[in-house]
Every structure is written in C-alpha cells, then in structure tokens.
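The values are calculated or read from the model by the stated rules, or taken from the named source; none is laboratory data. Here the structure is a predicted model, which is why all the values come from computation and not from measurement. Neighbour counts are summed over all protein chains in view; Cβ atoms, including those assigned to glycine, are modelled from backbone coordinates with ideal geometry. To get the accessible areas, we keep the full protein, side chains included, count just its heavy atoms, and leave off ligands, DNA and RNA. Shrake-Rupley method; radii C 1.70, N 1.55, O 1.52, S 1.80 Å.
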Amino acid sequence: MPSIAHGRNWRRAWAAVLFLVLLLVAVQSAMLGVASLIVELGQREVDHWSASRKPQGMREINRVARYFTDSLDYAPDNPWAFEALGALDLARMRLSGIPHQALAYSWAARQRFRHALLERPASPFLWANLALSKLYLDEIDAEFLAALRNADTLGPWEPRSQQTVVFVGLATWNKLDPGDRRRVLGGLERGAVWNSGKMLEIVKSFGRYDLICPMKGYHGKVDAQCRDGSHSVDSGARTRQGNR
Amino acid sequence: MRGAMKFELLTAVFTALALLVPLTTPSVAYAQAGAAGYVKSLSPTVFIRKGSGAQVPAKVGDVLSPGSTVVTGAAGKVDLLFADGLQISLGKESVLRIDDYRFDAANPREGRANISLVNGRMSMVTGAIHTDNATGLRLSAGTGTISVLSKDVTAFVVEVDPDEKQRPGWAAVTVGAIAIQTPSGRISQIAADQFARWRDGERQLEALPLAAAPAVLQAQVTASRATIAEASQPVDVQSASVQAALMLSQAKAQGSASSMTTAALSGQLNMVTGNVQMRSPSGAQSQARVGDTFGPGTTFLTGPKGEVGLLFSEGHYAALGEKSVLRIAGSGTREADTASLALTEGRLSLVTWAYAGEAPVPLNVGVGNALISILSKGVVAYVVEVDSETKDAGSAAVTAGIISVKTPVGPPVAVSSDKYTSWKPEKPPAPLGALAGAPASLQLAFADTIASAPTNAEVAAEVASLPPTAAGPVPAPQPAAPQPTAEPLPQPPPPVALAAVIVPPVAPGGGGGCTGSPC
C-alpha cells in the first residue's frame, strides 16, 4: 500500500512540473504573440504609406515607431521589430534638417540592422538595409561590401532587395570592383523581369542608361535614351556627366 | 513790378530744381552707393571685414558694400539679402567675399555681381542679376568656379575647404542647375535634387541623386530648403536694413529675441511619457509637459514607465529613462572636472555634436560618483546607468565617439565606440567589453533614444530662439509663422528613395520570415 501512495505522489509531482513547464511555454507564446500582433499593426501602417506613396511627417513616423518599440517589451530580441525600426530611422534621417540628428538616425539604423542580423543572418532585406545605412554614413568599407554581396546572394529575386542593391551599387559604382559591378548588373537584368518600372526609376536618377541599353529586358523602354548615345556598357572609367 | 520779378525768379528757381532733381536722384538702388546688400539675420559670432581691413562684429541691418568680407565664427550663421534679391546664407566657420556688386533696378541687365566663397558653406538663391543677365553673376568657391546653368531662379548649397585637401568639397542643387570647375576637374552639370563631391586628386567626378548622399549632407540641404523664404525680388537695401534692425530691437524689447549663451545649459522638452516631475531651483515641482523649457538648476524625476526627452539649445539630445533623477548644474558653467549634468539614479542616453574641427564638447555628466567626459570631436553617443542598488556603481556604453569614465578610484578609462564598461564602489572601471555583450537594457536604451529624438528642424530652431530661462515650466512658444516661398520648390526626393528603403514583410510568431524565391 505504501508503494501505491508513493507512486501517486510521484505522478502528482511530475504533473505539477509539466504543468509549470506548459504554463511557462504558454506565457512565452502569449508574449511572442502579443509582440507579433503589435509588430503587425505597425507594419500595416507602413504598408499603407508605401501604397499611398504619400510622404509622412516625423510625428507620424514616431507614432508608428512606437508600435515596434512597445513590442520589444514583450519580445526584446524580436528581429522584425529591430528591422522595422531601422527602416523608420532611415525615413527619419531623410526628413531631418539637423546634420547630427540625421547622422544619429543613420547610426541607430545601422545598429538595429546589425542587431537583427544576429537573429536572421539569412535575410536579404536586412543585408540590403545595412548596406543602405552604411551608404548614408559614408562608410564604404568591408562591411558595406559584405552587406551588398550578401543581399545579392541571398535575395537575387526579391524585388526590394534588388532595388536597394542596385541603388547602393550605382551610388558607389566607382568604388566597386568588377565582381561587385557584375552583381549590380545582374540585379538590373533580373529586375527587368518583374521590377522594370522601379529599376528604370533608379537608373534614370543616376543617368546610367548605358548599363541597361544592352539588356533585352529593357528593350522598348529606353530606346530614345539609348539612341541618344548612352548605349555602351563601360566599366565606369569615364567621367560621368550627370543627368541630361 | 517787384512782385512780377519775384514771381519770375521763383519760377526760374523751381524750374531749375525740377530739372536738376532727376539728375541728382538716380534710381533707388544706384543712389545707394556701395550698398550691395544687408545682414538680414544672424547667430553669433559674425564679423564684417571692410575694404579698409577693419573688422567689426556684424549686426542685423548692417549694410554690405563691394569689397566687404563676411566671416562667421565657430557657431556663427548669417543670412544676407542683396539689392537684386540674391539671398546668401553662410554656415559656421565660413568666409564670403563680395568682390564686386552693381545693380540698378531700373536697368537690371547692367547688373554685375562677383562673389567668392573663400571657405565654408553657403546656400544661395539667385536674384535679378542672374535672371536678367546670364553673364552678370560670377561665383567662385574655394579655388573653383561655379556657373549657373539655368536661366531662372537657381538655389544650391556648396561647401569648400581649400586648406584641408582631404576633406571633400560638395555642392547640391535644389532648384535649377549649376556646373562647377573644381581643382580636380569639371562637373559639367549638377541638376535639381543632385549632388556632387570632389576631393583633391580624385579623378572620378559625377553628379548623383541627392537621395544617395550621406546623411549629413542630406540634412544640410534639407535645412537650406527651409531657409529659402522671401521672393528673390529686388529690394531697397537701405530701407530694408533699417527695418530689419528696428524689428530686432522691438523683438528684444519684448523679450523674444535670440540671446543664446553658450555657457548655460538650457532647452526644451520634446518628449514626455508617463510620470515625469520637473523641479525648479526654487523647489517648485510639477508634472513636466512637452514644450516646457528648462535651465540651470532644474531637476527631472521620472517614475515607473516615465521617460523624458531633453533637447538642449546647443543641439544635444538626452533621454532620461524611468525611475531616474537628473539635475542640471546650477551655475551653468563648464569646468574641466565639474559635471554639467548629474545623474543620481536611473539611466541617461546622450547624443551630442561638435562640428568636426572644433574641440570636444565640454559637457561633463556625473553618474553617481563617476564623471563622464567627452574625448573625441564629432558626434558622440552613449548611455549611462546608475546601479539601482548601489549608487556608487554604474555602467556606460558608447555607440559613437570616445568618452572618459573617471571614478574616485584609479585613473580615468577611455571607452570607445561599440564598447562598454562598468564600475563598482571602491573599484576602478572594469576592462572594456564589446557593446554586443552589454546588458540588453543598455543596448535598447540607445535605440530608444534615437527613436524619441527631436522631431524636426523647427523644434531646434524654436529652442535656439529661446532666451536662457530660469527653471520651471513656461508656456510653450508658438511656432513661427511660415515664410512665403519664392516659387514652388521641388518636392522631396522622388519615390525611388522610398523604394530603396526596405520594410520587409513581417512574419508573425518569429518564424522563418523569408518570403519569395529563393528561400
């Protein structure tokens, strides 16, 4: 009889332990769920901005950023929250008219992207955004090149990643080696498939029609500019003349 | 007879006068011999060097003549308005020389202006001399020359430092187009929303979209857009200068003019969350509100979940975390070993700025019984925390620049970017560790600081225009009425910039998060 009672006590003890473990998991899940919900709410606002293409003011950006910072109370290492905050920091940088503030926003963005990469090293978006923040900090260094390469390698068909790789690539064209330039050209070629409108905007802003004139994906879209004479792909050795 | 002669004599005199007046009173602008323009507004320190070599401090309303040189000091800024409507704003540590200037409103085609930016940064909006005479405006910047290509009003920013060969010169255009002949070569066109940089010996010169410019450059251009105020129409320099001086004296009489001192720490609250109390030197305490101003002797106390953002008139920004106490030194002076800010409890994040070339910012922060000083020039950003249990213990993490941590025990320790340290009672600071290994609270605090940093340039401008106040809440100043713009300015950078900002799809639940192909 004592052995039956003893066994029952063990079972109760195990049940209690399991219950506690389950309770802990439930609480953790709930917090992660709340964090994700808050992040989702913030992301919807951002998606709405992107769809409307209406410039947002600093107060509005700060308001939405609050969603993401609040989510960190529930999930302190949520990489998506860091990523979104970093992107909002870059948006704030563009609006700022105070040099040190703009610099601080760029720094904050770089730090957040670095932090998020610790959790999501395979995200092409994070690498692309890191390269962008480095561009704004005027840090064209090994980390910048690594970010550009990783973004291209990990997300060769991701439109947003492509756009950023092409953007930062064209901005630093003269500092890229032939291999990195081929990456940027590859991004332009792939971008012609699903992303040609955005790619054309970027190319136009840099005045680099010469890079896309030989690409079949852009035939019929830049014929006038290519006939104008900017149709030879070069290594960038010639001095640029700016937009005509 | 006598009356008739008198009448004839008077008639002759009046007739002679009527003939002579037009000859002796030419058109307004030309009669103001030597009056090229005037000082419309300024922040100290600004000097005017006359053609004779004499240098005098500049005041609002001062008239500039050909041969004058305008010099701004380490914190100086000045806005100049010329007779033809040409607007020039000079940044700090800049030198502008007016080599030649002639303008006749009645005959604008004959106008000439030859202006040189010897050193520093200049924003310019062209006036009638350029629009009416394509070759009338001659500009030089450092050892280069600027050609204004567009026929209409053109606005651009240029910065040069011919003495420092490694520092790039740059130019950005907001309206119109320019070309620049630099020591390294010619940049044939910089169009609207483009910029270009050049450095001694660099052969690749190109104009790039402004959206790809470094953050500091973009911010400077953004600020220059905000200062393009009145229409660039010809002005009567003499009367406008007198009017400007009168307005300033009236403003001073009403106590609303800028009288920023560099010694006293003062500013305005730009963010308040939760329970934040503000205590004046007299002991009066009240709930802090956004817009409240503070000065020497003010103490901030935050409760649980309370946070407050302090925007200093010098441009620094501090964020005080929850359950914290921060006091601003009463004397307002900056001594080498004296704290200007004293953190006795909780956490403080600080982002400060010193223009490259100046000495490090004299802004010491006491953290418990430790003293934090800034060692490096340029932007410095760090977070400090007083141990919640032991007030003589604390930690400091740096994300930009270099600071010094000095405790009562042992020599000071320099903490550089991406490093942190901590200290305990009766012990010197611990060896530096990588910031990535710092407690999460320190890491997050910095990110939060930037998230709540000043909203826009107007806030900073408002703060700069506040006189140093005694501690205690005062009604928040009304924002300045918006100035009319000269002409429609281009919109912010085109959507391509937004396209380049990635806001990735959020995967709920912290899962894989990779969408699209390949993954």
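Here are the numbers for the structure shown:
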{"quantity": "Of residues in segment A:125-168 being among the aromatic types (F, W, Y) and facing chain B (nearest Cβ under 9 Å), the one most open to solvent (accessible area, probe 1.4 Å)", "calculated": "A:W157"}
{"quantity": "Lone unmet requirement of (1) open to solvent by 40 Å² or more (accessible area, probe 1.4 Å); (2) closer than 17 Å to B:A211 by Cα; (3) touching a Leu at 6+ places or on another chain (Cβ under 7 Å) for A:A171", "calculated": "(1)"}
{"quantity": "Among residues of segment B:76-87, those that are closer than 21 Å to B:L137 by Cβ and not in a strand (DSSP E or B), counted", "calculated": "4"}
{"quantity": "Selection count where residues are part of a helix (DSSP H, G or I) and surrounded by 24 or more Cβ atoms within 10 Å (Cβ to Cβ), scope segment A:95-109", "calculated": "10"}
{"quantity": "Qualifying residue in segment B:51-58 (condition: modelled with pLDDT of 90 or more, open to solvent by less than 50 Å² (accessible area, probe 1.4 Å) and assigned to a loop (DSSP other than H, G, I, E, B))", "calculated": "yes"}
{"quantity": "Matching residues in segment B:66-75 - criterion: being in a loop (DSSP other than H, G, I, E, B) and under 15 Å from B:L117 (Cβ atoms)", "calculated": "B:S68"}
{"quantity": "Which listed residue, of B:S286, B:S266, is open to solvent by less than 20 Å² (accessible area, probe 1.4 Å), modelled with pLDDT of 70 or more and farther than 30 Å from B:N107 by Cβ", "calculated": "B:S266"}
{"quantity": "Among residues of segment B:378-411, those that are free of Cβ contacts under 8 Å to residues at least 24 places away in the same chain, open to solvent by 60 Å² or more (accessible area, probe 1.4 Å) and farther than 19 Å from B:V325 by Cα, counted", "calculated": "1"}
{"quantity": "Hits in segment B:314-352 - residues which are under 12 Å from B:G297 (Cα atoms), modelled with pLDDT of 75 or more and open to solvent by 10 Å² or more (accessible area, probe 1.4 Å)", "calculated": "B:R327, B:A329, B:A342"}
{"quantity": "Residue check, A:K204 at the interface with chain B (Cβ under 10 Å from one of its Cβ atoms), surrounded by fewer than 18 Cβ atoms within 10 Å (Cβ to Cβ), of a type outside the set (G, A, S) and part of a helix (DSSP H, G or I)", "calculated": "yes"}
{"quantity": "Flag for A:R160 being in contact (Cβ under 8 Å) with a residue 24 or more places away in the chain and outside any loop (DSSP other than H, G, I, E, B)", "calculated": "yes"}
